[in-house]
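Peer 1: For reference, the structure I am asking about is given below.
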Amino acid sequence: MPAPVPFDPEDVAAAKTQKRPDKPGITTKKTICQTCDIACSVVSEIKNGRVVKVRSSDNPLFRDHICMKGIVAPKGYANPNRITRPLRRVGERGSGQWEEVTWDDAMSDIGARLKAIIAEHGPEAWAVSTSQWNTGTDHGLGRRIMNHIGSPNWISGVALCAGNTAAVNRFTYGWFPLGDFGSTKCIVLMGHNPRRHSWTPIYSAIRSAQARGAKLIVMDPRRSSNAERADIWLPLKAGSDAAMMFGWLKVIFDEELYDKDFVENWTVGFDALRARVDEFPLERVAELTGCDPEMIAEAARLYATSGPATIPWTPITDMQRNSTSGIRLQSILRAVCGNIDVPGGELLQGFNPDIIPESEIEMHHILSEEQKLKQLGNENHPAFTYRGQAAFREPMKRVWGYDYPNQVTGCYMANPSATFRAMAGQGPYPVKAFFFLGNNPMMSYANMPMIIDGMMNQDLIVAHEHFMTPSAQLADYVLPGDRGWDRPGWLEGLGSTSTYRTSEKAMEPPGEAKSTFEFWKRIAGALDRPEIVPWDTLEDFYDYRLKATGKTFRTLSSETDVYLTVPRYRKYEQDGFATPSGKVELKSSVLEDLGFDPLPYFREDPPEDPNYPLKLFTGVREDGFFQTGHRHISEMRQRHPEPVAFISPGTAKRFDLKEDEWVTVENQLGSISIMISVRDSMPDGLVRIPHGWWKPEMEQGYNTLSGARKYADAQLCRDDDDYLDREQGIPHLKGVACRITKQAVPDLEKSDASALEVAK
Ligand SMILES: Nc1nc2c(c(=O)[nH]1)N[C@H]1C(S)=C(S)[C@@H](COP(=O)(O)OP(=O)(O)OC[C@H]3O[C@@H](n4cnc5c(=O)[nH]c(N)nc54)[C@H](O)[C@@H]3O)O[C@H]1N2
Ligand SMILES: Nc1nc2c(c(=O)[nH]1)N[C@H]1C(S)=C(S)[C@@H](COP(=O)(O)OP(=O)(O)OC[C@H]3O[C@@H](n4cnc5c(=O)[nH]c(N)nc54)[C@H](O)[C@@H]3O)O[C@H]1N2
Ligand code: SF4
Ligand SMILES: [Mo]
């Protein structure tokens with residue numbers, strides 16, 4: 001998610017930058033913090049050619065856009081264990097033995113091996129996993145090369161986070177909107193819980209909106225910090241968000257609180273939807289969600305009557321069994337309550353006409369239909385694959401000007417679980433080469449045991465990384481990546497906004513570290529296809545994309561903090577919506593043609609197994625880390641030395657568990673070791689499992705994977721049919737059956753944060 005910035009050029013122009021005087025010996029650059037994916041605009045202070053400090057921006061638009069992770073970043077990236085030279089595996093895969101090589105040697109071997117795999121098994125035998133959030137410089141170049149070479153098998157962490165939401169939103173109104181925090185009067189957080197040190201700009205935007213008088217409604221099984229500040233908190237059962245939204249729609253329809261003009265003029269399928277919603281009387285919704293029916297009705301009324309309202313994107317509904325229905329219900333609520341493309345509501349921004357978007361760089365049109373149909377997982381779970389999005393090609397061109405607008409890079413992906421199964425030799429065809437960039441795939445998708453099997457079955461694995469992550473430990477090559485401030489940066493608004501920000505290069509990358517642009521340029525060369533990436537440098541590439549602005553990247557980045565166009569609202573009145581009918585499809589013609597229920601529905605949990613009497617969810621981000629990263633920074637590890645499971649006092653009593661006790665949490669897929677923390681903010685029966693735990697100081701290699709085998713939540717994340725959303729095939733991570741057992745021999749291995757900064 002990009003940090004929310006004003007949509008109006010006048011507001012941007014009015015914000016005068018008061019540049020602070022430079023301190024002696026220190027120069028400053030305007031940069032974007034790329035430590036997490038919210039991408040704050042910050043100032044980097046440089047001494048002796050190195051970034052030594054990151055502080056908040058001099059532009060009041062970005063006041064206080066900085067958190068502890070950004071502040072410790074210079075130290076984190078100066079860690080002696082950062083990878084700064086290309087490494088080649090010398091022992092068995094996963095043996096943890098490496099030798100340093102040159103980029104040229106690495107690339108000529110990688111090119112030869114990849115060509116041999118493609119010659120033997122076809123281009124689809126090459127899969128790439130990434131996360132655009134972190135790599136920053138990919139800009140569609142990876143997809144561009146794959147499309148030229150002929151592989152559709154690109155997967156990303158965005159399959160569980162915003163990319164899939166973007167694809168599913170399009171079924172309803174042909175675009176993925178972003179909430180207008182700046183002038184909204186009501187915000188609904190469905191589990192989403194931005195805090196001071198977790199997506200700081202969104203946290204600040206919510207607080208400012210509340211200070212202006214906007215209402216806040218929070219749905220969260222746990223009494224989160226936003227729940228404590230909400231006008232209404234609905235403590236729903238984990239995984240029941242879609243049922244809750246049916247309850248809201250029931251009240252909104254029965255009490256006629258919806259926008260009748262909009263529904264009549266701009267939607268199709270209202271009667272069918274209404275009949276489906278009638279299947280959810282409030283008593284049923286109360287039973288499914290565990291919430292008081294009167295409170296549900298009160299929240300629905302508040303949302304429908306205090307607008308313009310926004311339901312900001314949340315990762316929670318991206319990771320549920322009913323994800324597609326949940327995301328569709330959000331989009332339907334937005335539409336029927338008249339919040340689409342209005343100030344304070346949900347903006348459909350489209351592309352900036354001055355800039356060539358990443359979607360265009362990707363060149364999806366050149367991949368043949370035959371290869372597109374080989375995309376893994378598209379038969380059973382098509383929603384975000386080429387097949388699932390094919391019907392939008394013409395409407396997208398009509399409304400947004402491009403055939404393949406790839407919002408949040410999540411609209412034309414292969415299915416991750418199907419890809420790992422094919423890598424493990426259980427797919428329709430073999431996948432034998434696997435690259436990952438700015439992504440820790442082993443720990444960032446479901447079913448980690450299957451991912452490990454898939455990786456062990458590869459002929460070639462290439463990682464582009466900063467650290468020897470558990471995933472990198474199974475690679476053939478680990479190539480050193482640069483950092484956000486080591487390169488010039490151009491922040492595309494996820495293909496969903498027309499707002500851009502730039503980042504000046506602040507220092508030279510250490511050692512042999514190179515950008516993702518360099519990585520892909522060299523791969524194109526190694527495949528004897530240098531013409532695919534014709535630009536010499538990243539800056540040349542930016543200049544090409546910016547040509548219509550009449551400015552070079554360098555001029556634009558020195559002159560401008562935010563580059564945007566004048567916003568237009570209710571654009572659909574002119575162009576219609578980018579759906580086959582041109583209207584908001586409450587009943588989705590595309591889902592129907594793909595063989596799915598065209599209306600949202602609710603799948604209940606599978607029958608309970610008495611051996612697994614508790615439910616777990618993964619999440620509640622830790623302030624000091626971003627996802628699976630940053631556990632090597634001693635200041636941050638001192639704050640969170642060990643992985644911690646939250647349980648309620650009632651659950652602690654029932655299972656005789658104590659604060660700080662080490663336990664095993666297990667289910668049918670796997671088990672992890674974790675410490676207990678008893679919190680009265682947790683409901684009975686629910687266990688919070690933190691995401692992404694491993695310990696960089698622990699032994700590397702296949703058997704231990706630096707503690708990932710002991711602690712990583714992905715070992716509990718199932719991807720069998722009961723735990724997969726039908727349309728997308730993404731896993732249910734919110735309400736997974738489990739049990740907690742005491743450890744016969746307690747795990748006394750405690751982290752020693754002082755060892756983290758010692759070179760290994
Ligand atoms: N089980 C489970 N799975 C999840 C989630 C969950 O809660 N539970 N959350 C999901 C969510 S919300 C998300 S966003 C995804 C994220 O999944 P990932 O994209 O895998 O995110 P990270 O774990 O941050 O891993 C990013 C890796 O990129 C490296 N890196 C950072 N910056 C750069 C760079 O500039 N260049 C290069 N080359 N490398 C870089 C870091 O060192 C790090 O190892 O995971 C999803 N997966
Ligand atoms: N410091 C820090 N900040 C981060 C990150 C980080 O790793 N560290 N990661 C970033 C990323 S990539 C993301 S996606 C965001 C995620 O950040 P958030 O959107 O805040 O997600 P979580 O912290 O996982 O969980 C939010 C809330 O969801 C509740 N919840 C659990 N299950 C359910 C459910 O089924 N329904 C509902 N309604 N609520 C439920 C939890 O109790 C929790 O309070 O944070 C971003 N910010
Ligand atoms: S929230 Fe923190 S880590 Fe994320 S971009 Fe902003 S300063 Fe960096
Ligand atoms: Mo995320």
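Peer 1: Does residue 243 meet the test of being part of a helix (DSSP H, G or I), under 30 Å from residue 737 (Cα atoms), within 13 Å of ligand 2 (Cβ to nearest atom) and modelled with pLDDT of 95 or more?
Peer 2: Yes; evaluated as a whole, the condition is true for this residue.
Peer 1: Kindly provide the set of residues from region 47-64 that are open to solvent by less than 60 Å² (accessible area, probe 1.4 Å), in contact with a helix residue (DSSP H, G or I) (Cβ under 6 Å, 6 or more places away or on another chain) and away from ligand 2 (no atom under 16 Å from the Cβ), ordered by number.
Peer 2: Answer for region 47-64, where residues must be open to solvent by less than 60 Å² (accessible area, probe 1.4 Å), in contact with a helix residue (DSSP H, G or I) (Cβ under 6 Å, 6 or more places away or on another chain) and away from ligand 2 (no atom under 16 Å from the Cβ): just 51.
Peer 1: Among the residues of region 655-677, is any open to solvent by 10 Å² or more (accessible area, probe 1.4 Å) and part of a helix (DSSP H, G or I)?
Peer 2: So far as region 655-677 goes, no, none of its residues is open to solvent by 10 Å² or more (accessible area, probe 1.4 Å) and part of a helix (DSSP H, G or I).
Peer 1: Related question: For region 558-586, enumerate the residues that are surrounded by fewer than 23 Cβ atoms within 10 Å (Cβ to Cβ), among the charged types (D, E, K, R) and in contact (Cβ under 8 Å) with a residue 12 or more places away in the chain.
Peer 2: 561, 570, 571, 575, 583
Peer 1: Among the numbered criteria (1) open to solvent by less than 10 Å² (accessible area, probe 1.4 Å); (2) at pLDDT 95 or above, which one does residue 348 miss?
Peer 2: Here residue 348 clears every test but (2).
Peer 1: So, in region 611-633, how many residues would count as being more than 16 Å from ligand 3 (Cβ to nearest atom) and either under 17 Å from residue 316 (Cα atoms) or buried (at least 20 other Cβ atoms within 10 Å of the Cβ) (or both)?
Peer 2: Going through region 611-633 one residue at a time, the tally reaches 6.
Peer 1: Would you mind telling me which numbered condition in (1) surrounded by fewer than 21 Cβ atoms within 10 Å (Cβ to Cβ); (2) within 16 Å of ligand 3 (Cβ to nearest atom) residue 157 fails?
Peer 2: (1)
Peer 1: While we're here: Which of the strands (runs of 3 or more DSSP E) found entirely inside region 44-103 contain at least 1 residues meeting this: within 19 Å of residue 205 (Cα to Cα)?
Peer 2: It comes to 50-56.
Peer 1: Among the residues of region 116-143 satisfying the criterion of being of a type outside the set (Val, Ile, Thr) and farther than 21 Å from residue 363 by Cα, which is most open to solvent (accessible area, probe 1.4 Å)?
Peer 2: Out of the qualifying residues, it is 120.
Peer 1: Let me ask you something else. Enumerate the pairs (first residue in region 626-645 and farther than 13 Å from residue 69 by Cα and more than 16 Å from ligand 4 (Cβ to nearest atom); second residue anywhere and open to solvent by 10 Å² or more (accessible area, probe 1.4 Å) and β-branched (Val, Ile, Thr)) with beta-carbon separation below 8 Å, excluding pairs fewer than 6 apart on the same chain, so at least 6 apart or on different chains.
Peer 2: 645/740
Peer 1: Within region 1-22, can one find any residue that is open to solvent by less than 20 Å² (accessible area, probe 1.4 Å), within 16 Å of ligand 2 (Cβ to nearest atom) and not small (Gly, Ala, Ser)?
Peer 2: Yes, because at least one residue in region 1-22 is open to solvent by less than 20 Å² (accessible area, probe 1.4 Å), within 16 Å of ligand 2 (Cβ to nearest atom) and not small (Gly, Ala, Ser).
Peer 1: Another question, if that's okay. I'm checking my understanding of the structure. Among residues of region 699-743 that are open to solvent by less than 30 Å² (accessible area, probe 1.4 Å) and over 30 Å from residue 219 (Cα atoms), which one is farthest from ligand 2 (Cβ to nearest atom)?
Peer 2: Restricting to residues being open to solvent by less than 30 Å² (accessible area, probe 1.4 Å) and over 30 Å from residue 219 (Cα atoms), the top hit is 701.
Peer 1: Something else now. I'm trying to understand the selection: among the residues of region 423-437, which are open to solvent by less than 20 Å² (accessible area, probe 1.4 Å) and either polar (S, T, N, Q) or under 17 Å from residue 141 (Cα atoms) (or both)?
Peer 2: Across region 423-437, the qualifying residues are 434, 435, 436, 437.
Peer 1: Within the bounds of region 78-91, is there any residue that is at pLDDT 95 or above, under 28 Å from residue 500 (Cα atoms), under 25 Å from the mean Cα position of the chain (by Cα) and buried (at least 16 other Cβ atoms within 10 Å of the Cβ)?
Peer 2: Within region 78-91, not a single residue is at pLDDT 95 or above, under 28 Å from residue 500 (Cα atoms), under 25 Å from the mean Cα position of the chain (by Cα) and buried (at least 16 other Cβ atoms within 10 Å of the Cβ).
Peer 1: With the condition kept exactly as written, say whether any residue in region 178-191 is within 16 Å of ligand 4 (Cβ to nearest atom) and open to solvent by less than 10 Å² (accessible area, probe 1.4 Å).
Peer 2: Yes, because at least one residue in region 178-191 is within 16 Å of ligand 4 (Cβ to nearest atom) and open to solvent by less than 10 Å² (accessible area, probe 1.4 Å).
Peer 1: Give the residues of region 65-77 that are within 14 Å of ligand 1 (Cβ to nearest atom), open to solvent by 10 Å² or more (accessible area, probe 1.4 Å) and at pLDDT below 95, sorted by residue number.
Peer 2: The answer is 77, and nothing else.
Peer 1: While we're here: Taking the condition open to solvent by less than 20 Å² (accessible area, probe 1.4 Å), of a type outside the set (Ser, Thr, Tyr) and farther than 30 Å from residue 258 by Cα, does residue 361 pass?
Peer 2: So residue 361 fits the description; yes.
Peer 1: I'd like the full set of residues that are part of a helix (DSSP H, G or I), aromatic (Phe, Trp, Tyr) and within 15 Å of residue 154 (Cα to Cα), limited to region 382-406.
Peer 2: If the condition is that a residue be part of a helix (DSSP H, G or I), aromatic (Phe, Trp, Tyr) and within 15 Å of residue 154 (Cα to Cα), then 386 is the only one that fits.
Peer 1: While we're on this one: So which of 706, 751 ends up being under 27 Å from the mean Cα position of the chain (by Cα) and either at pLDDT 95 or above or outside any helix (DSSP H, G or I) (or both)?
Peer 2: Answer to the check: 706.
Peer 1: Test residue 195 against the criterion of being more than 16 Å from ligand 1 (Cβ to nearest atom), surrounded by fewer than 22 Cβ atoms within 10 Å (Cβ to Cβ), in contact (Cβ under 8 Å) with a residue 60 or more places away in the chain and not assigned by TED's automatic domain parsing to the domain that holds residue 407, and give yes or no.
Peer 2: Here the answer is no, as residue 195 does not meet what is asked.
Peer 1: Which number in (1) open to solvent by 10 Å² or more (accessible area, probe 1.4 Å); (2) away from ligand 2 (no atom under 16 Å from the Cβ); (3) not in a helix (DSSP H, G or I) marks the one condition that residue 148 misses?
Peer 2: Failed condition: (3).
The values are calculated or read from the model by the stated rules, or taken from the named source; none is laboratory data. Note that the coordinates shown come from a computational prediction; the quantities given were computed from them, not determined experimentally. As a convention, Cβ positions derive from the backbone with ideal geometry for all residues, glycine included, and neighbour counts pool all protein chains shown. Areas reflect the complete protein model, heavy atoms only, side chains present, ligands, DNA and RNA absent. Shrake-Rupley method; radii C 1.70, N 1.55, O 1.52, S 1.80 Å.
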